[in-house]
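Please read the structure below before turning to the comments.
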Amino acid sequence: MIRKIKQLAKDKGYIIYDEPYRLNIWGFRANTELPNSFDDELHVFTNVAKTGKPNWAYLVFKITTDPGTYWLKNPMNPKGTAILKAGQYKDVYRIDKHRGKYYALCQRNGKVTVVRDYDRDAVLDFYNGREQTGMFGINIHRARKAGETYKIDRYSAGCQVFKNANDFNFFMKMCEVHRKLYGNKFTYTLVDKRMEFRSKLKKITISSVLIGLLLGGYYFISNEE
């Protein structure tokens, strides 16, 4: 998986941190439009070797990168509910209190881009809304205080939300180690599997057309000869 992520980062110009215990935090949005479900993943990986060749520790947590059905139908913003756009948000996050209640990774240091789902139904509209860039409080936090949560409902109005409280607590312990070594700045990278699939499909289609043209040209020349 590290190899695949490194290639993806290279293709998109994203940074991967290889300093010891500096966190790489990547969200992967599932290739589905099913609302109100924790069907996405948070991949957290870090080099645990203090010297020499990197030795990667790699963890995967169940999360949602999408807002819950409640906020899709009842947006807090008149322009629509926020859906975080795929991209890398460098040093945007810091450990702070989510809604003044408990410590999480909060959007405090910089802007993010969201797509506004404006039609007030239960369907996630990833491509039809209007983009906005700014300070929207798109945080990385948990759902319930204990145990697992099975429906997103009100737990996300656009935030990246852990399904399991124990997973979140462990994640925050890793963030504390990162903060002691590198300061209170965290980068979050979101990958949308739908967009990656469409991009690959487009490349395959273009390649097929080019191959067809080349073969067609070859046979045309052969016919002339």
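The values are calculated or read from the model by the stated rules, or taken from the named source; none is laboratory data. The model shown is predicted, which means the values in this text are computed figures rather than measured ones. Backbone-built Cβ (ideal geometry, glycine too); neighbour counts: all protein chains shown.
If I filter region 89-100 for residues that are modelled with pLDDT under 95, touching a Lys or Arg at 6+ places or on another chain (Cβ under 9 Å) and within 16 Å of Thr133 (Cβ to Cβ), do I get at least one hit? Within region 89-100, not a single residue is modelled with pLDDT under 95, touching a Lys or Arg at 6+ places or on another chain (Cβ under 9 Å) and within 16 Å of Thr133 (Cβ to Cβ). Cβ-Cβ distances below 6 Å connect the following pairs, each with a first residue in region 64-76 that is of a type in the set (Asp, Glu), a second residue that is at pLDDT below 90, and a separation of six or more residues or different chains: Asp66/Leu124. Restricted to region 109-225, the set of strands (runs of 3 or more DSSP E) holding at least 3 residues that are at negative phi, at pLDDT below 95 and surrounded by 15 or more Cβ atoms within 10 Å (Cβ to Cβ) comprises 112-117.
Quick check: anything in region 7-21 in contact with a Pro (Cβ under 7 Å, 6 or more places away or on another chain), over 17 Å from Val112 (Cα atoms) and modelled with pLDDT of 90 or more?
Yes - at least one qualifying residue is present in region 7-21.
Return the pair list, or none, for Cβ contacts closer than 6 Å from residues in region 87-104 that are within 18 Å of Ile25 (Cβ to Cβ) and touching a residue at least 40 places away in the same chain (Cβ under 8 Å) to residues that are aromatic (Phe, Trp, Tyr) and surrounded by 15 or more Cβ atoms within 10 Å (Cβ to Cβ), at least 6 apart or on different chains. Listed by first residue and then by second, the contacts come to Gln88/Tyr14; Tyr89/Tyr188; Tyr93/Phe186; Tyr93/Tyr188. Whenever a residue of region 10-31 is under 19 Å from Ile140 (Cα atoms), its partners that are part of a loop (DSSP other than H, G, I, E, B), lying with C-beta atoms within less than 6 angstrom and at least six residues away or across chains, give the pairs Asn24/Ile16; Asn24/Tyr17; Gly27/Thr65; Arg29/Thr65; Ala30/Asp39.
All of (1) touching a strand residue (DSSP E or B) at 6+ places or on another chain (Cβ under 8 Å); (2) in a loop (DSSP other than H, G, I, E, B); (3) loosely packed, with under 13 Cβ neighbours inside 10 Å hold for Tyr58 with one exception: (2).
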